[in-house]
Amino acid sequence: MHMSDELIAVLKKSKLFAGFDQGQLEQVISHLQPKSVTLKSGDRVYKRGNPADRCWLIQSGHLTVKRASLRTPFRTMIYHKGSVTGIQGLADPGSPRAVTMIAEDKVELIEITHEGIARMDKETQILLWRNTSRLLLRKLGACLSKESLD
């Protein structure tokens, strides 16, 4: 399978795939079959209440989260190339999304579903789950910090 240099670059830059060697990245490509998605301003990446079944790596653009908060219903999220949104889709497939994520401008994403993880070798799966846990802990820490409770 031909892998685009851009896709490999985004995977390598993402904390979700930190520590993956070339063979493990090839497993990601063949088993998780990431695909490029382009959204225009106002498009939804996902909607609150929808079942989580995938996540996305940011290639470019800005996202706004719509929360169930009367004081601050909208919050622009700062993402960098390789950042992950919707990690719940890997960590807890089928659970309802807690927020709505909206493209603030043209956004280019790499979509990754949870399907196929079981086909990767055990070492690669363990590394993926370790990285997923680290990302979730960072997000939890941000949610619990004063700065995010505006």
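Any read-out appearing in this document is the output of simple, stated calculations on the displayed coordinates, not a laboratory observation. The model shown is predicted, which means the values in this text are computed figures rather than measured ones. Ideal geometry is used to build each Cβ from the backbone, glycine not excepted, and the neighbour counts take in all protein chains shown.
Tabulated data
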{"item": "Tilt relative to the chain, helix 122-144 - C-alpha long axis, 0 to 90 degrees, to 10", "result": "10 degrees"}
{"item": "Set Lys12/Lys106; Lys13/Lys66; Lys12/Lys47 screened for pairs whose C-alpha atoms are more than 25 Å apart", "result": "Lys13/Lys66; Lys12/Lys47"}
{"item": "Inter-site label distance for Arg119 and Thr38 at 7 Å from Cα along Cβ, in nm", "result": "2.8 nm"}
{"item": "Relative contact order [Cα under 8 Å, 6+ residues apart], the chain, whole percent", "result": "32 percent"}
{"item": "Cβ-based net charge around Phe17, under 15 Å, with every Lys or Arg adding one and every Asp or Glu removing one", "result": "0"}
{"item": "Rough spin-label spacing in nm, given labels placed 7 Å along Cα→Cβ, for Glu104 and Ser30", "result": "4.0 nm"}
{"item": "Net charge, Asn50 excluded, C-beta distance under 10 Å - Lys, Arg +1, Asp, Glu -1", "result": "+3"}
{"item": "Two-site FRET efficiency, Arg48 against Lys81, from Cβ-Cβ distance with R₀ of 30 Å, rounded to 0.05", "result": "0.70"}
{"item": "Computed E for Ser145/Ser95 - FRET, C-beta separation, R0 22 angstrom, nearest 0.05", "result": "0.40"}
{"item": "Charge context of Leu137, other residues only, Cβ under 15 angstrom, K/R +1, D/E -1", "result": "+4"}
{"item": "Alpha carbon centroid spacing (whole Å) that separates the range 21-48 from the range 101-150", "result": "12 Å"}
